[in-house]
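The values are calculated or read from the model by the stated rules, or taken from the named source; none is laboratory data. A quick note: this is a predicted structure, and the numbers were derived from the prediction, not measured. Glycine gets a Cβ as well: all are built from the backbone with ideal geometry, and neighbour counts include every protein chain shown. In case anyone asks, the SASA skips ligands and DNA or RNA and just uses the protein heavy atoms, side chains included. Shrake-Rupley method; radii C 1.70, N 1.55, O 1.52, S 1.80 Å.
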Amino acid sequence: MADLLSVGVNLEAFAQAISAIQALRSSVSRVFDCLKDGMRNKETLEGREKAFIAHFQDNLHSVNRDLNELERLSNLVGKPSENHPLHNSGLLSLDPVQDKTPLYSQLLQAYKWSNKLQYHAGLASGLLNQQSLKRSANQMGVSAKRRPKAQPTTLVLPPQYVDDVISRIDRMFPEMSIHLSRPNGTSAMLLVTLGKVLKVIVVMRSLFIDRTIVRGYSENVYTEDGKLDIWSKSNYQVFQKVTDHATTALLHYQLPQMPDVVVRSFMTWLRSYIKLFQAPCQRCGKFLQDGLPPTWRDFRTLEAFHDTCRQ
């Protein structure tokens, strides 16, 4: 017999117990096979009955023998020692109604989660300690005046850089034409024409998008004095819906440190409306719902959905 390990389990007996379980399963399978086959291979009824009973008894004896062997080996396996005893909480595992009161499994899951939380908190603490966020005493005592707040540099990008970013985006999408103008100084306004589907007025502050208005391709986008109309809504409900979704997209694509990526991501999302009236809803498969096409575009996959089907 193999020596008992520190965990208190006889590995040799454990291996023999596994073999005994397999033998017991085979014996039980032979019993059911015998019942399934019934009385065969005998000409007379009496001969078939005697052969069936003898075969069935042999199979039952095999099951009894394998079961006794398994019980004997189970006593030799031993019980593993618990390095971290659960004390009274271990009694919860004896609850016969696990489906109604799964307290023990939930307790183990919470314990594992707390260990992971402690581990990741330790990693975060080590990373934060490497970054010195405290001011020295000398710096605090030099001047009692409050230091001027640093102005954000991403809001005052040069117009040439903005023009270059917009021109690169214009070259990326052949179906989309972008006309840039500055009627009110340095702030840019874009008139985006997407095929023959729609037109979008984009009001920018440096390289940040402040407002978008979507109108139909045939709608007028200028006021009486020849300026872009940034206040009037579209006359069509479908483009009013797209305007609302575009405003939501502006809130989704937020990366202040990389505003050019934000503009490029928004234009990529806007380009997905090139098939506004041709793409069916990815959920219901219909082209129209309540008289409107799928006006929502997923921010990640750019798939088309109706406003009620996307939830």
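Sort out which residues of region 246-261 are touching a strand residue (DSSP E or B) at 6+ places or on another chain (Cβ under 7 Å) and open to solvent by 40 Å² or more (accessible area, probe 1.4 Å), and write them in order of number. Let's see the steps before the verdict.
Of region 246-261, the ones touching a strand residue (DSSP E or B) at 6+ places or on another chain (Cβ under 7 Å) are 246-247, 250, 259.
The answer is T247, and nothing else.
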Checklist entry - Could we say that T308 is under 21 Å from the mean Cα position of the chain (by Cα), at pLDDT below 95, surrounded by fewer than 20 Cβ atoms within 10 Å (Cβ to Cβ) and on the phi < 0 side of the Ramachandran plot here? => result no
Checklist entry - Is it the case that M172 is surrounded by fewer than 17 Cβ atoms within 10 Å (Cβ to Cβ), in contact (Cβ under 8 Å) with a residue 60 or more places away in the chain and among the aliphatic types (A, V, I, L, M)? => result yes
Checklist entry - Within region 191-205, restricting attention to residues that are of a type outside the set (V, I, T) and part of a loop (DSSP other than H, G, I, E, B), which residue is least open to solvent (accessible area, probe 1.4 Å)? => result G195
Checklist outcome for this item: In region 262-295, anything of a type outside the set (G, A, S), surrounded by 15 or more Cβ atoms within 10 Å (Cβ to Cβ) and touching a Ser or Thr at 6+ places or on another chain (Cβ under 9 Å) is listed as F266, L270, Y273, L276, Q282, Q289
Checklist outcome for this item: Note on E224: of the conditions (1) in a loop (DSSP other than H, G, I, E, B); (2) touching a Lys or Arg at 6+ places or on another chain (Cβ under 7 Å); (3) open to solvent by 40 Å² or more (accessible area, probe 1.4 Å), unmet is (2)
Checklist outcome for this item: Contact list, first residue from region 17-31 and within 16 Å of N68 (Cβ to Cβ), second anywhere and acidic (D, E) and open to solvent by less than 40 Å² (accessible area, probe 1.4 Å), beta-carbon distance below 9 Å, six or more apart or interchain, is A20/D66; I21/D66; A23/D66; L24/D66; R25/D66; S26/D66; S27/D66; V28/D66
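Looking only at region 40-90, filter to residues that are small (G, A, S) and not in a helix (DSSP H, G or I); which one of those is modelled with the highest pLDDT? Break it down stepwise before answering.
To start, the set of residues in region 40-90 that are small (G, A, S) comprises 47, 51, 54, 62, 74, 78, 81, 89-90.
This time we only want the ones that are not in a helix (DSSP H, G or I), so: 78, 81.
Numbers: G78: 68, S81: 51.
Selected residue: G78.
Against the condition over 13 Å from L198 (Cα atoms) and open to solvent by less than 100 Å² (accessible area, probe 1.4 Å), how does T243 come out, does it pass? First the steps, then the outcome.
Numbers: over 13 Å from L198 (Cα atoms): no; open to solvent by less than 100 Å² (accessible area, probe 1.4 Å): yes.
Answer is no for this residue.
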